[in-house]
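> Quick one: structure below, then a few questions.
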Amino acid sequence: MVNSADTLAKLFRIDRECRHLEHALAALQWDQETNLPPKGVEDRSEQLAMLEGISHERLIAGETGRLLESLESTSENPRGDEGLPDIDRDFLRVLRRKYDKAVKLPADFVTAAARAEGLSQAAWSQARKNNDFASFLPHLETMIEFSRKKAEYWGFGGQNGDRAALYDGLLDIYEPGMPAPEIDTVFLPLRDRLVTLLKKIKLCPPPDTSFLSQPFDAERQARLNRRLMDYLGFDRRRGRLDISAHPFTTTLGSDDVRITTRYFQNNLLSGVFSVIHESGHAFYEMGFPPELRGTSLADGASMAFHESQSRFWENVIGRSRPFWEGFFPILKDGFPDQLKAVDSETFYRAVNLVKPANIRVDADEVSYALHIILRFELEKRLISGELSAEKLPEVWRQYTQEYLGLESDTDADGALQDVHWSQGSFGYFPSYALGNLYGLQIRKAILKDIPDFESHVARGDFGAIRAWLGDHVYRWGCRLAPAELLFKITGEKLSVIPFLEYIEAKYTELYGL
Ligand code: ZN
């Protein structure tokens with residue numbers, strides 16, 4: 001007879017140690033992105049690799065597997081002993097999943113993949129700079145091969161080498177339980193409706209954005225963005241804002257969640273919307289309840305759930321008319337010369353300019369999902385072998401024309417523009433667009449409980465909204481699988497309708513369609 005309280009305590013201790021190591025890694029990575037002098041990179045890479053190794057070892061040590069099994073948690077029955085409280089069973093499920101993902105990959109495979117990824121990313125960076133897809137091609141092929149192999153080790157694709165199912169194994173890393181055919185059911189209608197909407201918008205005169213092309217001093221932007229964080233209710237005793245080349249959020253502890261942004265003198269909006277986006281991620285990370293703290297359950301339900309939170313703040317709140325009614329006076333106070341002739345309505349229209357372009361990260365709310373669907377379609381075919389890596393640039397151009405109505409001029413701004421595939425991260429992209437869909441399903445649910453949502457936003461009073469998100473989203477951490485959590489919050493399965501209704505209504509009004 002096993003003493004389950006004892007066994008659980010041991011598993012929680014292992015998990016806690018791994019979390020501490022992850023947070024220590026996060027601190028070193030954060031420092032690397034924000035403060036590290038250039039020559040410090042080499043030592044830092046070794047430190048990171050060593051800590052990663054220790055953390056991995058700690059997790060996959062034989063003890064973890066034995067303890068999980070003694071509580072009846074197996075790959076087939078991850079939640080283990082039915083007599084245990086729900087929260088402990090959820091913990092077992094999450095730990096079993098982490099353990100399986102780690103232990104099923106042979107050590108020599110992990111080492112070889114890490115080395116190949118390093119080389120591939122370096123080659124990509126050069127190739128992008130030189131607009132030279134051919135030099136990256138062999139690395140891309142290697143990354144595809146490693147990714148297929150990884151999915152196979154995890155048990156996807158079966159003995160018959162079903163390569164389409166291998167892609168499901170990669171999706172499962174980011175969005176557990178969401179295979180490609182299910183994503184197809186929402187992405188196909190989404191693509192068709194957005195392509196139509198975009199065509200209509202293109203025929204309309206664009207809003208005035210001329211005042212945005214003035215210089216906006218970076219120091220002043222930094223001051224303004226700190227005011228913006230306070231305005232949103234970001235508790236700066238539990239986090240901070242710094243500058244990095246690419247904006248990100250990282251968690252160093254339950255009460256230490258850091259965000260970054262960047263400032264371009266000629267692009268005021270880039271800094272502002274990064275801060276709102278990353279604050280949305282940070283609110284999620286700060287909002288896990290006390291009983292989950294310090295455990296693996298204190299995490300987002302999935303990559304798409306995390307994106308649902310950042311995009312909810314960035315788009316649903318940050319790109320709304322009531323938000324700019326409230327915040328524009330503060331912005332204007334920061335830049336009185338540049339914005340003296342502008343009012344909040346003009347500014348609201350300018351931040352919602354729809355202008356399809358080749359680069360995904362600069363995309364507006366209407367074309368963004370099309371960039372994602374394009375990548376989803378292509379990576380699915382790359383993994384299945386239906387599309388050869390060699391043909392990628394050509395097919396990329398063809399899809400860009402079909403979806404966005406654009407001629408893409410270079411591979412650097414085409415198939416080479418994102419870092420993801422060079423790191424072997426296939427299956428990651430869909431979470432960005434799924435996050436938009438979840439976010440709008442969540443908005444629909446909030447509106448039922450807070451019918452005067454917009455007036456809260458206009459007053460800059462986000463307390464009730466954050467409390468609602470806390471009660472319905474944050475409190476679960478990653479206790480539930482994404483589909484289960486979505487159903488619990490909204491009473492609905494994954495649906496494209498709330499997003500389409502929102503986006504069509506908003507842009508029909510904005511552009512007078
Ligand atoms: Zn994000």
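> Starting at the first residue of the stretch 15-25, write each ³J(HN,Hα) from the Karplus equation 6.51 cos²θ - 1.76 cosθ + 1.60 with θ = phi - 60°, in whole Hz, x for Gly and Pro.
4, 5, 5, 4, 4, 4, 5, 4, 5, 5, 4
> Please compute, over every Cα-Cα pair in the stretch 265-329, the percentage with a separation greater than 13 angstrom.
Numbers: 1390 of 2080 pairs.
Everything past 13 Å amounts to 67 percent.
> Could you state the number of Å between the C-alpha centres of the stretch 460-487 and the stretch 161-179?
26
> Return the loop-located trypsin sites (Lys or Arg not before Pro) in the stretch 455-513 (DSSP other than H, G, I, E, B) with at most 12 other Cβ atoms within 10 Å of their own Cβ; answer none if there are none.
Numbers: sites: Arg459, Arg466, Arg475, Arg479, Lys488, Lys493, Lys506; in loops: Arg479, Lys493.
Sites meeting the loop and neighbour criteria: Lys493.
> Filter the cross-link list Lys340/Lys506; Lys98/Lys149; Lys200/Lys493; Lys10/Lys98; Lys202/Lys391; Lys129/Lys199 down to pairs whose alpha-carbon distance in this structure exceeds 23 Å.
Details: Lys340/Lys506 27 Å; Lys98/Lys149 18 Å; Lys200/Lys493 30 Å; Lys10/Lys98 16 Å; Lys202/Lys391 30 Å; Lys129/Lys199 32 Å.
Going by Cα-Cα distance, Lys340/Lys506; Lys200/Lys493; Lys202/Lys391; Lys129/Lys199 fall outside the 23 Å limit.
> Also, I was wondering about something else. At a temperature of 10 °C and a viscosity of 1.306 mPa s, determine how fast the stretch 59-209 diffuses translationally according to Stokes-Einstein, using the Kirkwood radius over alpha-carbon pairs as Rh; express D in µm²/s, rounded to the nearest whole number.
Details: Rh = 19.3 Å.
For the chosen part, D equals 82 µm²/s.
> Please provide three numbers in whole Å: the alpha-carbon extents of the stretch 159-269 along the principal axes, with the largest listed first.
59, 49, 24
> Can you list which of the trypsin sites (Lys or Arg not before Pro) found in the stretch 1-108 are DSSP loop residues with at most 15 other C-beta atoms within 10 Å?
Numbers: sites: Lys10, Arg13, Arg16, Arg19, Lys39, Arg44, Arg58, Arg66, Arg79, Arg89, Arg93, Arg96, Arg97, Lys98, Lys101, Lys104; in loops: Arg79, Lys104.
Sites meeting the loop and neighbour criteria: Lys104.
> Using unit Cβ charges (K, R positive; D, E negative) and no other charged atoms, how large, in debye to the nearest 20, is the dipole of the stretch 107-198 about its Cα centre? Intermediate results must be reported in sequence, preceding the final value.
On the way: 9 positive and 13 negative charges, 70 e Å.
The calculated dipole for the stretch 107-198 is roughly 340 debye.
> Let me ask something additional. Short version: ³J(HN,Hα) in whole Hz for each residue of the stretch 141-155, in order, from phi by Karplus 6.51 cos²θ - 1.76 cosθ + 1.60 (θ = phi - 60°), x for Gly and Pro, what are they?
Rounded to whole hertz, the list is 4, 5, 4, 5, 4, 4, 5, 4, 4, 4, 4, 5, 4, 7, x.
> Could you report the chain's accessible area per residue, 1.4 Å probe, as an integer in Å²? The partial results should precede the final answer.
Values: 22580 Å² over 513 residues.
Solvent-accessible surface per residue comes out at 44 Å².
> Right, here's the next one. Could you tell me, in Å, what Rg and Dmax come out for the Cα atoms of the stretch 438-513?
Spelled out, the Cα radius of gyration and Dmax of the stretch 438-513 are 14.0, 44 Å.
> With 18 Å as the cut-off, how large is the P(r) tail for the stretch 359-439, expressed as percent of Cα-Cα pairs? Walk me through the numbers before you get to the answer.
Working: 1224 of 3240 pairs.
The proportion of pairs with Cα distances above 18 Å equals 38 percent.
> Taking the Cα centre of the stretch 303-419 as the origin, how large is its charge dipole in debye, to the nearest 20, when only Lys and Arg (+1) and Asp and Glu (-1) carry charge on their Cβ atoms? Don't skip to the end; give the middle numbers.
Details: 13 positive and 21 negative charges, 63 e Å.
Dipole about the Cα centre, nearest 20: 300 debye.
> How big is Rg to Rh over the stretch 1-44, alpha-carbon atoms, Rh as the Kirkwood inverse-mean-distance radius? Each step should come with its number before you reach the end.
Working: Rg = 17.3 Å, Rh = 12.8 Å.
Across the stretch 1-44, the Cα-based Rg/Rh ratio is 1.36.
> Taking DSSP loops as anything outside H, G, I, E and B, show the longest stretch in the chain free of GluC sites (Glu not before Pro) there with at most 14 other beta carbons within 10 Å. Intermediate results must be reported in sequence, preceding the final value.
Details: sites that count: Glu76, Glu82, Glu386, Glu407, Glu492.
Answer from the scan: 83-385.
> Let me ask something else. Can you work out the Karplus-derived ³J(HN,Hα) for every residue in the stretch 127-132? Use 6.51 cos²θ - 1.76 cosθ + 1.60 with θ = phi - 60°, whole Hz, and x for glycine or proline.
4, 5, 4, 8, 6, 10
> What is the magnitude of the charge dipole of the chain about its Cα centre, with +1 placed on the Cβ of each Lys and Arg, -1 on the Cβ of each Asp and Glu, and no other charges, expressed in debye to the nearest 20? Each step should come with its number before you reach the end.
Working: 62 positive and 77 negative charges, 138 e Å.
About 660 debye.
> In whole Å, largest first, what are the principal axis extents of the Cα atoms in the stretch 259-417?
For the stretch 259-417, the Cα extents along the three principal axes come out at 53, 50, 24 Å.
> Taking a quarter of the surface of the Cα convex hull of the stretch 331-483, what do you get in nm²?
Across all orientations, the stretch 331-483 yields a mean hull projection of 13.1 nm².
> Oh, and also: Report the Stokes-Einstein translational diffusion coefficient (µm² s⁻¹, integer) for the chain, Rh taken as the Kirkwood radius over Cα pairs, at 25 °C with viscosity 0.890 mPa s. Before the final figure, lay out the partial values.
Details: Rh = 24.3 Å.
Using the Kirkwood radius from Cα pairs, D works out to 101 µm²/s.
> Hey, which aspartates and glutamates would be in cross-link range of Lys39, C-alpha to C-alpha under 14 Å, not counting anything within fewer than 8 residues on its own chain?
Lys39 reaches Asp31.
> Of Phe453, Ile243, Gly477, which is farthest along the charge dipole of the chain in the positive direction, counting Lys and Arg as +1 and Asp and Glu as -1 at C-beta?
The residue sitting most towards the positive pole is Phe453.
> Provide the three semi-axes, in whole Å and in decreasing order, of the ellipsoid equivalent to the stretch 4-103 as defined by the square roots of 5 times the Cα gyration tensor eigenvalues.
Details: eigenvalues 222, 30, 21 Å².
Whole-Å semi-axes of the equivalent ellipsoid: 33, 12, 10.
> Search the structure for amide H atoms under 5 Å from the amide H of Ile243, placed 1.01 Å from N in the peptide plane, and list their residues when 5 or more places away or on another chain.
Under 5 Å from the amide H of Ile243: Thr261.
> Loop only per DSSP, at most 15 neighbouring Cβ atoms within 10 Å: give me the trypsin sites (Lys or Arg not before Pro) in the stretch 307-382, ordered by residue number.
Values: sites: Arg311, Arg319, Lys332, Lys340, Arg349, Arg360, Arg375, Lys380, Arg381; in loops: Arg319, Lys340.
Here the sparse-neighbourhood loop sites are Lys340.
> Let me ask you something else. More than 24 Å apart: what percent of Cα pairs in the stretch 211-325 qualify? Show your work: numbers first, answer last.
Values: 1653 of 6555 pairs.
Summing the P(r) tail past 24 Å for the stretch 211-325 gives 25 percent.
The values are calculated or read from the model by the stated rules, or taken from the named source; none is laboratory data. Note that the structure is predicted; figures quoted are calculated from it, not measured. Backbone-built Cβ (ideal geometry, glycine too); neighbour counts: all protein chains shown. Surface areas here come from the heavy atoms of the whole protein model, side chains and all, with no ligands, DNA or RNA. Shrake-Rupley method; radii C 1.70, N 1.55, O 1.52, S 1.80 Å.
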